[in-house]
Amino acid sequence: MRPLGTIEQLEKRRQEALELVRKGKSSEEIANKFDVTERRVRRWRQERKHRKGKSKPALGRTAYLTKEQVKQLEQELLRGAYAQGYSEDYWTLDRIAHLIWDLFETRCTPSGVWRLLDRMNWSCQKVQRQAIQRNDEAIANWKRYTWPRIKKVAGAERNAGININR
């Protein structure tokens, strides 16, 4: 597994370890200090002696959007879907992909949008639909008075051994 940190941070760690090697510290001491294996320290020593003119490999694909663009996207998402011309105020992956295209002319698949939202610490939330004629007082009344009565009757029949499915 790749250790945590940017390329620059990892390189700085390696250089600090090599400085301790130059000062005569043992591989075991260096490995314990930097939380790496002794084999890793020996490899760093060997690479220092036999430097190759190799370029540093890129670690993964570069992001489609810069940090500034991600911040701008978040601001637009916070404004809501109404502000972008949608008739209902919720975001779907396709709508966000269209927004990214409109703002930055960058194409994103729904799975790419999903990963982007995950990096932004946004979660998936399903719209809860409620009937227009919903009466919260009637629902509360039913839960408080009617449901316990129904529950008691069903429980009594079950305990008495009555089979209501005959």
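The numbers here are math on the coordinates, done by the rules we state, and not lab data. This structure is a prediction, so every number in the text was calculated from the model and none was measured. Note that each Cβ is placed from the backbone with ideal geometry, even for glycine, and that neighbours are counted across all protein chains shown.
Length gained on full extension, residue 4 to residue 38: 10.4 nm, using 0.36 nm per residue less the C-alpha separation. Its alpha carbons give segment 1-97 an Rg and a Dmax of 22.9, 70 Å.
The residues neighbouring residue 63, those whose beta-carbon lies less than 11 Å from its own, together hold a net charge of +4 under the Lys/Arg +1, Asp/Glu -1 convention.
Using the Cβ-Cβ distance between residue 61 and residue 89 with R0 set to 41 Å, the FRET efficiency works out to roughly 0.80. Annotation: extensible slack from residue 82 through residue 149 equals 19.6 nm (criterion: 0.36 nm per residue apart, minus Cα-Cα distance). Result for the chain in a Gaussian network model with C-alpha springs under 10 Å: among 106, 37, 92, the largest mean-square fluctuation is at 37.
For segment 79-156, the Cβ-based charge dipole about the Cα centre amounts to some 680 debye (Lys, Arg positive; Asp, Glu negative; other atoms uncharged). Other residues lying with their Cβ under 14 Å from the Cβ of residue 83 contribute a combined charge of -3, Lys and Arg counting +1, Asp and Glu -1.
Which entry in [x] 41, 34, 29; [y] 85, 53, 29; [z] 63, 33, 23 matches Cα extents along the principal axes in Å derived from the coordinates of this structure? Calculated Cα extents along the principal axes in Å: the matching label is [y]. Between 107, 79, 149, the GNM of the chain built on Cα springs shorter than 10 angstrom shows 149 fluctuating the most. In this structure, the pairs whose alpha-carbon distance is over 27 Å, taken from 71/126; 126/152; 25/49; 33/67; 12/71, are 126/152; 33/67; 12/71. Counting Cα-Cα pairs of segment 65-104 in 5 Å increments starting at 0 gives whole-percent bin shares of 6, 24, 37, 23, 8, 2.
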